[in-house]
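Asks: This structure is in structure tokens; I'll ask about it shortly.
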Amino acid sequence: MTLGQRIYEHRKKLGISQEMLGERLGVSRQAVSKWETDAASPDMENLLALAREFDISVAELTATPEPPQATEPETQPEQSESQPSLSKRHLRWPLIAAALAVVFGTLLRLGIWHHNAAKEPTSDLTTPEIEQTPSLSDHPTPDSEASESHESPLPSPAPKTEFALLWYGTNGEEEFLELGEQETFFPFGTTLELTAPAERMDTDFGSMTAHRADCGAIDIGYYHIAEEPEQENIWCLSTMVSGVRTPRGVHPGSTKAQVLDAYGDDLVYCMKEEGGYTLVSHDYYYALQTPETFGASLQFFMQDGIVAGIRVEHMAELGSEAFAPNLLTRFPLKDGEPDYSQRQEPEQEVLSDTRKVYIAWNQLVTNNNLSAEEQYAYRRDVFGLLPYMDWNELRTMGTAEHPDDVLFALMAWLAGQKTYSDSEILFIQMGCTAKGIDGAYAEAYGSILSNTLFYNPAAFVKALATEGIDETAKWHAMLSASFDTVWDQNRCAQVIDTLESALSAGTFTEIQADWCRLLLLYLNTPENEMGTLPHSPEEQ
């Protein structure tokens, strides 16, 4: 049992609400809710306060054995110097317990703690010995009796389709949400609460907005339609918490055997694809779609033979073909294993440098589960290929209605980086004369150059002095950066001060110092006169 479950149980024994407990402790009801769902852990002060309210010890609350100690009266007389300090002796174990509770709670929420369930899979749908998240499951997951029929007890009313998620709410009652139109508005009659501010996005339809609600254990994507009759429609549900299950009882932490026992060969085996949506780190995933429910899908992301996350999603225009076997990356199952008998080898597409930049940039923007090595490799592709890409080709990768959006989005991303390596600054300078950089595009690219100059003036100068680089690119980089920089007088003054100090300190080589003086000349010249200045140190 987790710390959150114990807080929930003791509060219920007192017969008080989360709000009442919060008032007694001087915290919000939301804070109590987060403790009970293990979305957050109380600090030491609140642990002590909770123990007092529940009339138990902190060790009992955190399920940590207390070391034997002499019984002491509740009110202690003033301690002598020979007596151990209460704050050191009595609080050491609760502090350790609190830390352990946080660690175990995190492991549980991530679905990592599964008692080696993958090593000895069971043949039914009974849950492996996983400690459930409180308030989502202060109750067991499918019992063995229900598992024998590949079903688990469903609430009444029950979901009408396979495409739903179920859990136990903070009131102890079982709740569920299902794809499609909802009878009420968020949180749709459940006890779910936001754990972060909801995200709101406009759509191409003026009366409809898209929303993402992070409720800790469950993430909800839904549309709000403002026209009469006003309504909300859920298009996506996802979870990585073991206390949330599908109508057939599969939950994060279930084994591969349990997934197959519940859904069998109706599933499609899907290989992990580059550039695809990633809910959680995984090796592969299973997908379920039925002809009866057009476009709806159920996805099980598998890591080391265990369900790491579940996503229920309406695939919109892709319909029931979204996860149809293509014999390249998606395969039908035969007796629980992928049927590769008709596997086809994908054609090797020759990618242009522009396409490589586009793919790498999309991975950095959309994939939240990249390793440090993958992030480094994708950044290297984006920056390293800037000098060789064709920005006109990039326009063709945007929407037909607004082709420039993708181009300016990439430029905004490049300009918005918080850090740049020395090599990235060099590639940005080289890229200022890439094919298609002119007009409004050149003006937008100038903000990228000025941002690198603001970030590291010395590295910008050293990049200008690099041998073997086209002199025209160097001049355009210096001119564009200076022109954009002088519009921000405060930061421009900081750059000038930094470069002058570097010159005085002898930071630069002779050629670097020449480029530094030329750059300072540009920064101290009005923008309408910069065109008359020398293009290189040799022309000075």
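The values are calculated or read from the model by the stated rules, or taken from the named source; none is laboratory data. All of these numbers come straight from a predicted model, not from anything done at the bench. Quick reminder, even Gly has a Cβ in these numbers, built from the backbone with ideal geometry, and neighbours come from all protein chains shown.
Asks: Show me the helices (runs of 4 or more DSSP H) found entirely inside the stretch 1-114 where at least 1 residues are modelled with pLDDT under 80, within 32 Å of the chain's Cα centre (by Cα) and not assigned by TED's automatic domain parsing to the domain that holds Gly216.
Replies: Qualifying helices (runs of 4 or more DSSP H): 18-25, 29-36, 44-54, 92-109.
Asks: The conditions are (1) modelled with pLDDT under 90; (2) not in a helix (DSSP H, G or I), and Tyr420 fails exactly one of them. Which is it?
Replies: With (1) modelled with pLDDT under 90; (2) not in a helix (DSSP H, G or I) applied to Tyr420, the lone miss is (1).
Asks: Restricting the search to the stretch 291-304, which residues are modelled with pLDDT of 80 or more and surrounded by fewer than 17 Cβ atoms within 10 Å (Cβ to Cβ)?
Replies: Result: Asp304, single match.
Asks: Does at least one position in the stretch 512-525 carry a residue that is surrounded by 15 or more Cβ atoms within 10 Å (Cβ to Cβ), touching an Asp or Glu at 6+ places or on another chain (Cβ under 9 Å) and not in a helix (DSSP H, G or I)?
Replies: Within the stretch 512-525 (the criterion being surrounded by 15 or more Cβ atoms within 10 Å (Cβ to Cβ), touching an Asp or Glu at 6+ places or on another chain (Cβ under 9 Å) and not in a helix (DSSP H, G or I)), the answer is no, since none of the residues qualifies.
Asks: What number goes with the only condition from (1) without any contact (Cβ under 8 Å) to a residue 40 or more places away in the chain; (2) over 20 Å from Ala412 (Cβ atoms) that Tyr378 does not pass?
Replies: Checking Tyr378 against (1) without any contact (Cβ under 8 Å) to a residue 40 or more places away in the chain; (2) over 20 Å from Ala412 (Cβ atoms), the one that fails is (2).
Asks: Any residue at all in the stretch 371-383 that's under 20 Å from Glu443 (Cβ atoms) and not acidic (Asp, Glu)?
Replies: no
Asks: Check Ser371, Ser421 and return the single one that is surrounded by fewer than 17 Cβ atoms within 10 Å (Cβ to Cβ), under 22 Å from Phe460 (Cα atoms) and of a type in the set (S, T, N, Q).
Replies: Going through Ser371, Ser421 in turn, the sole match is Ser421.
Asks: Right, next: Of all residues in the stretch 168-185, count the ones that are touching a Phe, Trp or Tyr at 6+ places or on another chain (Cβ under 7 Å) and either over 18 Å from Ala296 (Cβ atoms) or exposed (fewer than 14 other Cβ atoms within 10 Å of the Cβ) (or both).
Replies: The qualifying residues number 2.
Asks: Looking for something closer than 30 Å to Ala473 by Cβ and either within 19 Å of the chain's Cα centre (by Cα) or modelled with pLDDT under 85 (or both) - is there at least one such residue anywhere in the stretch 380-400?
Replies: Yes.
Asks: Please go through (1) touching a Ser or Thr at 6+ places or on another chain (Cβ under 7 Å); (2) part of a strand (DSSP E or B); (3) within 23 Å of Gly309 (Cα to Cα) for Gly216 and return the number of the only condition it doesn't satisfy.
Replies: All conditions pass for Gly216, except number (2).
Asks: Which of (1) farther than 23 Å from Leu407 by Cβ; (2) modelled with pLDDT of 90 or more is the odd one out, the single condition Ser450 does not satisfy?
Replies: All conditions are met except number (1).
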